[in-house]
Amino acid sequence: MDARALLTQVDKDLSLYLDKIRHCVLLLDETQLWWRANPRSNSVGNLVLHLCGNLSQWVLAGVGGRPYARHRSAEFSADRTATGAELVERLAGVVAGCREVVAALTEADLAAPRTIQGYATDGQRALLHAWEHMSYHTGQIVLIAKQLVDERTEVEFYPQHKRE
């Protein structure tokens, strides 16, 4: 995959992941949004905050050069600090910024060495990390939402495959 094709796919998927997260978060009431399966697990609210922090650190700051001071432990310790709508709005703003960064990247930007969160990497690997990371946590959020809303509302992103 050439650089422009990669950047186009990352841009498309960031938007897709955001749409899935938005759909699921807005199905949850405040109790469900901050529910944890056990003390070692994360709530949907924590995962959204974590995505905001990770994307901001890796894409906005690490690749895009924008200032950002991350407080990673606060992403996981938060409890009922925001509504679902507020979390979605915050994540949407971060994703919009990431998409701006991605749209402006060149092959030289992708090849440039960087150190992010203590890891020696380059622009392409940093972007791939954030892309994969958002995919991973989107899947967790979808799973938790499906478990919590049960049969009250169907969470189905690929209805075209229902009959397969």
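With +1 on the Cβ of every Lys and Arg and -1 on the Cβ of every Asp and Glu, and nothing else charged, how large is the dipole of segment 3-151 about its Cα centre, in debye rounded to the nearest 20?
320
Segment 1-56: percent of C-alpha pairs farther apart than 18 Å?
Looking at segment 1-56, the distances longer than 18 Å represent 47 percent of pairs.
Which of 150, 122, 19 ends up with the largest GNM mean-square fluctuation for the chain, with Cα atoms connected below 10 Å?
Most flexible of the set in this elastic network: 150.
Highest GNM mean-square fluctuation, the chain, Cα pairs closer than 10 Å: which of 135, 73, 43?
Comparing 135, 73, 43 in a Gaussian network model of the chain, the most mobile one is 73.
How large is the helix-only mean residue ellipticity at 222 nm for the chain, computed as the sum of -39500 (n - 2.57) over DSSP H runs with n ≥ 4, divided by its residue count, in deg cm²/dmol to the nearest 500? Display every interim value, and only then the final one.
Working: 7 runs with 100 residues, N = 164.
Here the helix-only value at 222 nm equals -20000 deg cm²/dmol.
Run the quick spin-label model on residue 66 and residue 117: label points 7 Å from Cα toward the beta carbon, then report their separation in nm to one decimal.
1.7
Could you compute the FRET efficiency for residue 136 and residue 163, with r as their C-beta to C-beta distance and R0 at 25 Å, rounded to 0.05?
Rounded to the nearest 0.05, the efficiency is 0.30.
Using only the Cα atoms, what convex hull volume per residue in Å³ does the chain have?
In the chain, the Cα hull volume divided by residue count equals 127 Å³.
FYI, it's all coordinate maths here, none of it is from the lab. What you see is a predicted model, and the numbers here were worked out from it, not measured in a lab. Note that each Cβ is placed from the backbone with ideal geometry, even for glycine, and that neighbours are counted across all protein chains shown.
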